[in-house]
Amino acid sequence: MAARFSILDLGKVLFRPGAVFAALAAESPPVTRVFFGFALWVGLLPPVFACIGTLNFGWRLGVEPVFLPRDTVFAISAAYFVALLFGFLSSAVVARWMAVTYDASQSLGRCFALMTIVGAPLAVGSVIHLYPHVFINVLVLVPALIWSMYLLYRGLPIVLRTGPNRGMLMASALIAYLLVAAVSLLGVTVALWGSGLGPRIGT
């Protein structure tokens, strides 16, 4: 599995993660193979689903759907994709940086692969973006987020070859980093929108 680590192994990643973690612990895949064989395609799923759903149905924040111009939808989807890739790349680099503190493997390939696996449930759950209703999206994506956290806590000690206690602490530190990054991104988005750089909204 670790030798190719392709998007074709998505089912195995989701439903047989133990075997994937063991394979990654035994062999560190090249970063380029992880990125172009798996992470890139997983990262494309949420923006593509969101783009299709928004163009066809509009976002439902209340009673009436909210529609955006086609060009704006494409621009937001592209920004969504860039943000996801940045989150993936930065979290893998931060995990490698933390590895020294937690006596874990410093293999960048393993860190990239681990973070890709952790994001897979959220990417698959993003199929709900095809019907962009806020309440329904939250209802589906919260369990997907819990699944991702489970994979992080379970897989990190195995893939990065550290003890269970240190693995739990490192996983918690990574979640803290991701939360801070998400809040910071939200704050920047709100600031830009408040400055008049947000999209025009129609109903």
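Here, each number is a calculation from the coordinates, and none is a lab measurement. Just so it is clear, the model here is predicted, and its values are computed rather than measured. FYI the Cβ positions are ideal-geometry reconstructions off the backbone, even for glycines, and counts take in every protein chain you see.
As a calculated quantity, the FRET efficiency between LEU169 and LEU61 at R0 = 30 Å, using C-beta atoms, amounts to about 0.20. One chain, two ends: VAL180 and ARG161. Fully extended at 0.36 nm per residue, the span grows by 4.2 nm beyond their Cα-Cα distance. Each other residue within a Cβ distance under 14 Å of ASP103 adds +1 if Lys or Arg and -1 if Asp or Glu, for a net charge of +3.
Using equal-weight Cα scatterers in the Debye expression, the normalised intensity of the chain in log10 at q = 0.14, 0.15, 0.17 Å⁻¹ is -0.84, -0.94, -1.14. As a length-normalised measure over Cα pairs under 8 Å and 6 or more apart, the relative contact order of the stretch 7-197 settles at 28 percent. When you count the other C-beta atoms within 10 angstrom of each residue and take the mean per peptide, 118-124, 180-186, 29-35, 75-81 line up highest first as 118-124, 29-35, 75-81, 180-186.
Taken over the stretch 32-126, the percentage of Cα pairs per 5 Å bin, counting from 0 up to the bin with the maximum distance, is 2, 13, 20, 18, 14, 11, 8, 6, 4, 2, 0.
Neighbour counting of Cβ atoms within 10 Å sorts the residues THR101, THR162, fewest neighbours leading, into THR101, THR162.
Can you sort LEU114, LEU151, LEU10 from fewest to most other Cβ atoms within 10 Å of each residue's own Cβ?
Result, fewest neighbours first: LEU10, LEU151, LEU114.
For the chain, the membrane-span-like helices by this rule, meaning whole DSSP H stretches whose C-alpha atoms cover at least 27 Å of axis and whose Kyte-Doolittle mean is 0.5 or above, are 70-99, 134-159, 164-192; this says nothing about an actual membrane. Considering helices alone, the calculated mean residue ellipticity of the chain at 222 nm is -23500 deg cm²/dmol, with DSSP H runs of length four and up weighted by -39500 (n - 2.57) and normalised per residue.
Taking a ≥ b ≥ c as the square roots of the eigenvalues of the alpha carbon gyration tensor, the stretch 70-151 is oblate, as a/c is not under 1.5 and a/b does not beat b/c. Model label points for VAL138 and ALA78, set 7 angstrom from Cα along the Cα-to-Cβ axis, are 3.1 nm apart.
Going by how many other beta carbons lie within 10 Å of each one, how would you line up TRP59, TRP97, fewest first?
If I rank by nearby Cβ atoms, fewest first, I get TRP97, TRP59.
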